[in-house]
Amino acid sequence: MAATVTRLHTMLTLPELCTELQISRSTFYDWRQKGRAPRCIKLPNGDLRIRRTDLDNWLNARQDAA
């Protein structure tokens, strides 16, 4: 159970991601459709989760472009 709890804490929900990046949900889906969003995990119920490490890597890759 501890591994499951730890794993959940290292994943963001879509609302958490949007809040952190200060973007709308529609912007996220636009980026995702264009292949420009961080990697996502689609759960069986259709919800998305984003690993913290995937978000950090995605942000670091964009740092040089700024």
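The values are calculated or read from the model by the stated rules, or taken from the named source; none is laboratory data. Keep in mind the model is a prediction, meaning the values are calculated, not measured. Please note: Cβ atoms are built from the backbone with ideal geometry, for glycine as well, and neighbour counts cover all protein chains shown.
Per-residue answers, yes or no, for (1) surrounded by 11 or more Cβ atoms within 10 Å (Cβ to Cβ); (2) not basic (Lys, Arg):
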residue	(1), (2)
23	yes, yes
31	yes, yes
38	yes, yes
46	no, yes
51	yes, no
61	no, yes
64	no, yes
Note down all Cβ pairs under 6 Å where the first residue falls in the stretch 46-66 and is within 15 Å of residue 28 (Cβ to Cβ) and in a helix (DSSP H, G or I), the second is at pLDDT 95 or above and of a type in the set (D, E, K, R), and they're at least six residues apart or on different chains.
54/39
Which residue pairs have Cβ atoms closer than 8 Å, lie 6 or more positions apart in sequence or on different chains, and pair a first residue in the stretch 9-23 that is assigned to a helix (DSSP H, G or I) with a second residue that is surrounded by 17 or more Cβ atoms within 10 Å (Cβ to Cβ) and among the aromatic types (Phe, Trp, Tyr)?
14/28; 17/28; 18/28; 21/28
